[in-house]
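As structure tokens, the structure follows; a few thoughts come after it.
The values are calculated or read from the model by the stated rules, or taken from the named source; none is laboratory data. From a predicted model like this one, the values you see are computed outputs, not experimental measurements. Here the Cβ positions follow ideal geometry from the backbone for every residue, glycine too, while neighbour counts run over all protein chains shown.
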Amino acid sequence: MSEFSTWAHPPGPGPGQQCSPQFDEPHQLWPSQIGYPDPIVYMIDVLLRTHSFTTSKVLVISASGRPRTSFDASGNTFAPGTKRTLPPSTIYGFNGTFGGKTFSLHFPHHGFVGDLFTVNGTASPVLEVKRRRYRFRFLDASLARIYEFTLMASTQGPRSSVSLELKGDELEGQYRIPDAQQCMTFTQIASDGGLLPFAIQRDSFELWPAKRREVIIDFTRYQDGIPTTMGDVVYLTNVMKMPNGRMWTNSSRFSRPIPPTRSRC
């Protein structure tokens, strides 16, 4: 005897065996009725998990946007204007509706940006290349950070921000290349929409979250025409300053730094 036949309500061709038992009717033709074998039956455990929509503090407001009295699962009440943490919640229906309606005002936050970049999960990676052209596909998998990449050469190499006695948000970059100079260019051949109608020569390019760029890098010579030699080091460098997850504070597209942006949620 198969395992599913021992269930309280096993599936089958009869009324109520193909849907919930309270519906005393079949809703489809059973395969054996047309000469096919019985279907394979799977038992899938359906688990209901809670999750948090945000970890930020919220202000409970009415439908008109004014602070209102709120309460928790134990029945405790909180005066209007009290900053609260939303409790874990679940979606109770397949149509995506929620139990009741609660309006909450999220306090502005500045996103999340780290100061240690990884490439394919590796921090500070090194790629040894031959003296030829390579095709690279870039995808920004960061949560909020926007990059501007350029190819740099240096005689002294990277130095830590601390050793350079930098202060404040200038420490976020961890490492700097004080004597860096652009040494190569990118030839962009594709973007999110696929291949470009013609290649574009770029000194640098921006990369925003979830965006893609494909470029060709020619490692046979530098941009001034001097051939590369074995042992040369080229740094893929992010030159965009972004102290928080809102927006950069400088970019090569602008002649001077732009002030930090502010917005409301």
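Observations
- Any hit, the range 122-143, residues being polar (S, T, N, Q), surrounded by 13 or more Cβ atoms within 10 Å (Cβ to Cβ) and modelled with pLDDT of 90 or more: no
- The lone exception for Ala190 - which of (1) at pLDDT 90 or above; (2) within 25 Å of Asp115 (Cβ to Cβ); (3) of a type in the set (A, V, I, L, M, F, W, C) it fails: (2)
- The range 208-244: number of residues that are under 19 Å from Phe149 (Cβ atoms), assigned to a loop (DSSP other than H, G, I, E, B) and of a type outside the set (S, T, N, Q): 14
- The criterion of being exposed (fewer than 10 other Cβ atoms within 10 Å of the Cβ), in a loop (DSSP other than H, G, I, E, B) and at pLDDT 75 or above holds for Gly65.
- Flag if Arg202 is under 21 Å from Arg253 (Cβ atoms) and buried (at least 16 other Cβ atoms within 10 Å of the Cβ): no
- Index of the failed condition, Phe254 passing every other in (1) over 22 Å from the mean Cα position of the chain (by Cα); (2) modelled with pLDDT of 85 or more; (3) assigned to a loop (DSSP other than H, G, I, E, B): (2)
- Against the conditions (1) surrounded by 14 or more Cβ atoms within 10 Å (Cβ to Cβ); (2) within 30 Å of Asn244 (Cα to Cα), Ile189 satisfies every one except (2).
So that you can scan it fast, the table gives a plain yes or no per residue for (1) of a type in the set (A, V, I, L, M); (2) more than 15 Å from Met240 (Cα to Cα); (3) out of contact with any helix residue (DSSP H, G or I) (no Cβ under 6 Å at 6 or more places or on another chain):
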site	(1), (2), (3)
Ser163	no, yes, yes
Lys167	no, yes, yes
Glu172	no, no, yes
Ala180	yes, no, yes
Met184	yes, yes, yes
Gly193	no, yes, yes
Ala199	yes, yes, yes
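- The set of residues in the range 144-171 that are among the charged types (D, E, K, R) and surrounded by 11 or more Cβ atoms within 10 Å (Cβ to Cβ) comprises Arg145, Glu148, Arg159, Asp169, Glu170.
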